[in-house]
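A.B. asks: Structure in structure tokens, see below.
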Amino acid sequence: MKLYTKPGACSTAVHIDLCWTGQPFELEVLDATTMKAPAYLAINPAGAVPALVDGDFVLTQNAAIVGYIADRFPQAGLAGDGSARQRAEANRWLSFVNSDLHPAFKPIFGPGNYIGDEAQFDAVKAAARKRVRSLLETADARLQGRDWLAGFRSYADPYLFITLRWAGRTGVDLAGLDALAAFAARMDADPGVQQALKAEGLA
């Protein structure tokens, strides 16, 4: 099994999941240039990460990949205890991060994709930061009295952790989100997280 990742992208969350399985895997760290090179485009024509290759099976899209990893290595408990309820809870919070929180960052990273007037870029970014903050408040409320989003460690947690790193470097107001701060500290101290960050040059 081989993962293609770009440091600090959402693929780093998949990398953490793989580290949490405790199983061996290969890693190829890409950058903006190698993601668009013919060798990688042959694997993922979209030129995006992550991509997972398992034998002759090639899988793209973050949410699909983490579900596949959970099914390949059920002993890791990334989707819970095998019950329908825990799988649904893990998927609820994975969907929250993948469908709500992650896209909310896009106007910050690329305001030109949303408005042509460069004079309005800062306003677009500011509005997006407020949106991200409101979504992080939802996550903070969920983590009150809990260590993990789903109530157990799941594939939703590394994804949330990566978005928190984005928030920190893009000027999103994180003041008062104490449960999220505690969550981030737990993740920072986790050996699997440290393994992934070190391998991607992010430690």
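A.B. asks: Accessible area per residue for the chain in Å², computed with a 1.4 Å probe and the full protein assembly in place, what is it?
C.D. replies: 47 Å²
A.B. asks: So what is the calculated 222 nm ellipticity per residue for the chain, using -39500 (n - 2.57) for each DSSP H run with n of 4 or more, over all residues, to the nearest 500 deg cm²/dmol?
C.D. replies: It lands at -15000 deg cm²/dmol.
A.B. asks: Mind counting lysine pairs for me in the chain? Cα separation below 21 Å, and the two need to be 8 or more apart along the chain or on different chains.
C.D. replies: 8
A.B. asks: Give me the three principal axis extents of segment 84-153 from the C-alpha atoms, as integers in angstrom, largest value leading.
C.D. replies: The principal-axis extents, from largest down, are 47, 22, 12 Å.
A.B. asks: Let me ask something else about it. Where q = 0.12, 0.24, 0.26 Å⁻¹, what log10 of I(q)/I(0) comes from the Debye formula for segment 126-187, counting one point per Cα?
C.D. replies: Log10 of I(q)/I(0), two decimals: -0.25, -1.01, -1.17.
A.B. asks: Return the ratio Rg/(2.2 N^0.38 Å) for segment 56-115, where Rg is computed over Cα atoms only.
C.D. replies: 1.43
A.B. asks: Using a 1.4 Å probe on the protein chains only, how many percent of the accessible area of segment 62-187 belongs to carbon and sulfur?
C.D. replies: 48 percent
A.B. asks: Within segment 29-60, name every residue whose backbone N is under 19 Å away from a label modeled 7 Å from Cα of Asp71 along the Cβ vector.
C.D. replies: Of the residues in segment 29-60, 50-60 have backbone N under 19 Å from the label point off Asp71.
A.B. asks: Something else now. Modelling each spin label as a point 7 Å along the Cα-to-Cβ direction, I'd like the Ser83/Arg165 distance in nm, to one decimal.
C.D. replies: 3.3 nm
A.B. asks: Specify, per residue and in Å³, the volume enclosed by the convex hull of the alpha carbon atoms belonging to segment 1-109.
C.D. replies: 100 Å³
A.B. asks: Further question: Can you give the alpha-carbon Rg of the chain over 2.2 N^0.38 Å, where N counts its residues?
C.D. replies: Working it through for the chain, the quotient is 1.02.
A.B. asks: Give me the distance between the Cα centres of segment 1-70 and segment 73-100, rounded to whole Å.
C.D. replies: About 19 Å separates the Cα centre of segment 1-70 from the one of segment 73-100.
A.B. asks: Taking the Cα centre of the chain as origin and charging only Cβ (+1 Lys, Arg; -1 Asp, Glu), how large is the dipole, in debye to the nearest 20?
C.D. replies: 260 debye
A.B. asks: Between Ala141 and Thr60, what's the calculated FRET efficiency when r is the beta-carbon distance and R0 is 22 Å? Round to 0.05.
C.D. replies: 0.10
The values are calculated or read from the model by the stated rules, or taken from the named source; none is laboratory data. As the structure is a computational prediction, the values presented were derived from the model and not from experiment. Glycine gets a Cβ as well: all are built from the backbone with ideal geometry, and neighbour counts include every protein chain shown. In case anyone asks, the SASA skips ligands and DNA or RNA and just uses the protein heavy atoms, side chains included. Shrake-Rupley method; radii C 1.70, N 1.55, O 1.52, S 1.80 Å.
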